[in-house]
Amino acid sequence: MISYPYLIPISECVSLEKKVNMQLLDGKATAAEIKLELRQVVLKRKEEGKKIPHLAAVLVGNDGGSMTYVNAKVKACDEIGFESTLIRYDETVSEEILLRKIDSLNKDKSIDGFIVQLPLPKHIDELKVTQAIDARKDVDGFHPINLGNMVLNLPGFLPATPAGIVELLKRNNVETEGKSCVIIGRSNIVGTPLSIMLGRNKSPGNCTVTLTHSRTKNLSEITSKADIIVAAIGKPEFVTADMVKNGAVVVDVGTTRVEDASKARGWALKGDVKFDEVAPKCSYISPVPGGVGPMTIASLMMNTLHAMELKENNK
Ligand code: NAP
């Protein structure tokens, strides 16, 4: 029988496509490494009799997601050895009371940084709350002063999630220089700041960034040419294999609770990427959970240490 070595059966083509050497962007492991480094700093400071960083978190209402995030932040403080204070209000708390609390946290010398967990109930103006936080204590990096400093590449607090993504890429040696990066979602807390951070003349950075959103036309056409895709839209399994080129780096920011009867709690966390079909095509991919989430918390911890150091240096 004549054999045609150049004719590869379809089944083998598929397995060839799967041979991309995929590496997991393990945010849990990378964040654990950062937390260990921070713990060393805390231990040294304790030995030297210096102040320990102190993070406060304000939580309004009983939203399950928000409670989980805030608890994870408090737990991270415990692991590292930071001090933490959790301040809780009922869903019905007035904007005035919340603003008064923010004012007292701004003035409280024992607290280095604090966050107000978003989203807030509809009767409270989130922008007003964000702007009321002293920029020097704004460890979430949402204050206009910090966002402005980020745009100008000046010192300040970087928003925790995009900073966590950049750190995840850096610590896993993902090359960004000269790469085309498509970000899906243009929120003020993820997509927009990340587009600036990855486009900067810095390492990681120097990407050619395309920021896409719900009005973007031919999204699949755009994403399928990208070297790096970041999905931050909050639509479970939105990014499918046909939207991703072979060898791409995919970062999944999405965290949506979906019903899951197989879990005792009745829900599972789903990312914006259809992981099982996209992962085999990727050079790197971050999972959900265990990808960007833990890195966001690690960034918040780094910002808290930074806030305390800035305060010390400005004495
Ligand atoms: P968001 O404020 O919920 O906004 C969603 C963005 O996605 C908007 O820019 C929207 O476009 C865009 N979008 C919606 N449908 C789209 C579509 N079909 N095609 C293209 N773009 C579309 O965004 P977010 O606050 O960044 O949250 C996004 C997700 O990330 C959520 O699941 C959230 O829970 C998660 N998140 C995770 C972390 C973490 O630490 N892991 C942190 C923050 C957020 P328009 O602007 O045109 O409306």
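The values are calculated or read from the model by the stated rules, or taken from the named source; none is laboratory data. Everything quoted here is computed from the prediction, not taken from an experiment. Glycine gets a Cβ as well: all are built from the backbone with ideal geometry, and neighbour counts include every protein chain shown. All accessible areas refer to the heavy atoms of the entire protein, side chains included, with ligands and DNA or RNA removed. Shrake-Rupley method; radii C 1.70, N 1.55, O 1.52, S 1.80 Å.
Val244 satisfies every condition listed in (1) modelled with pLDDT under 95; (2) of a type outside the set (Phe, Trp, Tyr); (3) more than 14 Å from the ligand (Cβ to nearest atom) except (1). Hey, any hits in the range 95-109 for a residue that's among the hydroxyl-bearing types (Ser, Thr, Tyr) and under 30 Å from Leu36 (Cβ atoms)? Scanning the range 95-109 turns up no residue that is among the hydroxyl-bearing types (Ser, Thr, Tyr) and under 30 Å from Leu36 (Cβ atoms). Here Arg136, Arg88 are screened, and the one residue that is more than 16 Å from the ligand (Cβ to nearest atom), within 17 Å of Val70 (Cα to Cα) and either polar (S, T, N, Q) or touching a residue at least 24 places away in the same chain (Cβ under 8 Å) (or both) is Arg88.
Filtered by the rule that a residue be open to solvent by 30 Å² or more (accessible area, probe 1.4 Å) and farther than 22 Å from Thr92 by Cβ, the range 51-68 gives a lone residue, Lys51.
Considering (1) within 16 Å of the ligand (Cβ to nearest atom); (2) at pLDDT below 95, say which one Asn153 fails and leave the rest. Of (1) within 16 Å of the ligand (Cβ to nearest atom); (2) at pLDDT below 95, only one is false for Asn153: (1).
Close Cβ contacts (under 8 Å, 6 or more residues apart or on different chains) running from residues in the range 109-121 that are touching a residue at least 24 places away in the same chain (Cβ under 8 Å) to residues that are of a type in the set (Lys, Arg) comprise Ile111/Lys137; Asp112/Lys137; Asp112/Lys311; Gly113/Lys137; Phe114/Lys137; Ile115/Lys73.
Count of the range 212-227 residues, restricted to those that are near the ligand (Cβ under 9 Å from one of its atoms) and touching a Ser or Thr at 6+ places or on another chain (Cβ under 7 Å), is 1.
Table: residues versus (1) of a type in the set (S, T, N, Q); (2) outside the structural domain of Ala248 (by TED's automatic domain parsing); (3) in contact with a helix residue (DSSP H, G or I) (Cβ under 9 Å, 6 or more places away or on another chain); (4) over 15 Å from Pro193 (Cα atoms).
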| position | (1), (2), (3), (4) |
| --- | --- |
| Asp90 | no, yes, no, yes |
| Ile124 | no, yes, yes, yes |
| Leu154 | no, yes, yes, no |
| Thr176 | yes, no, yes, yes |
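The residues of the range 280-292 that are more than 14 Å from the ligand (Cβ to nearest atom) and within 18 Å of Ile165 (Cα to Cα), listed by number, are Cys282, Ser283, Tyr284, Ile285.
Only a single criterion out of (1) more than 10 Å from the ligand (Cβ to nearest atom); (2) assigned by TED's automatic domain parsing to the domain that holds Glu167; (3) surrounded by fewer than 18 Cβ atoms within 10 Å (Cβ to Cβ) is not satisfied by Lys311, namely (2).
Residues that are within 20 Å of the chain's Cα centre (by Cα) and either without any contact (Cβ under 8 Å) to a residue 24 or more places away in the chain or open to solvent by 60 Å² or more (accessible area, probe 1.4 Å) (or both) within the range 214-254 comprise Ile233, Lys235, Glu237, Phe238, listed in sequence order. Looking at the range 258-274, can you tell me whether even one residue there is more than 10 Å from the ligand (Cβ to nearest atom), under 21 Å from the mean Cα position of the chain (by Cα), within 24 Å of Pro193 (Cα to Cα) and buried (at least 18 other Cβ atoms within 10 Å of the Cβ)? Within the range 258-274 (the criterion being more than 10 Å from the ligand (Cβ to nearest atom), under 21 Å from the mean Cα position of the chain (by Cα), within 24 Å of Pro193 (Cα to Cα) and buried (at least 18 other Cβ atoms within 10 Å of the Cβ)), the answer is yes, since at least one residue qualifies. Could you tell me whether Leu300 is touching a residue at least 60 places away in the same chain (Cβ under 8 Å) and within 16 Å of the ligand (Cβ to nearest atom)? In short, yes. In this structure, Ser94 does satisfy being out of contact with any Pro (no Cβ under 7 Å at 6 or more places or on another chain), loosely packed, with under 13 Cβ neighbours inside 10 Å and among the small types (Gly, Ala, Ser).
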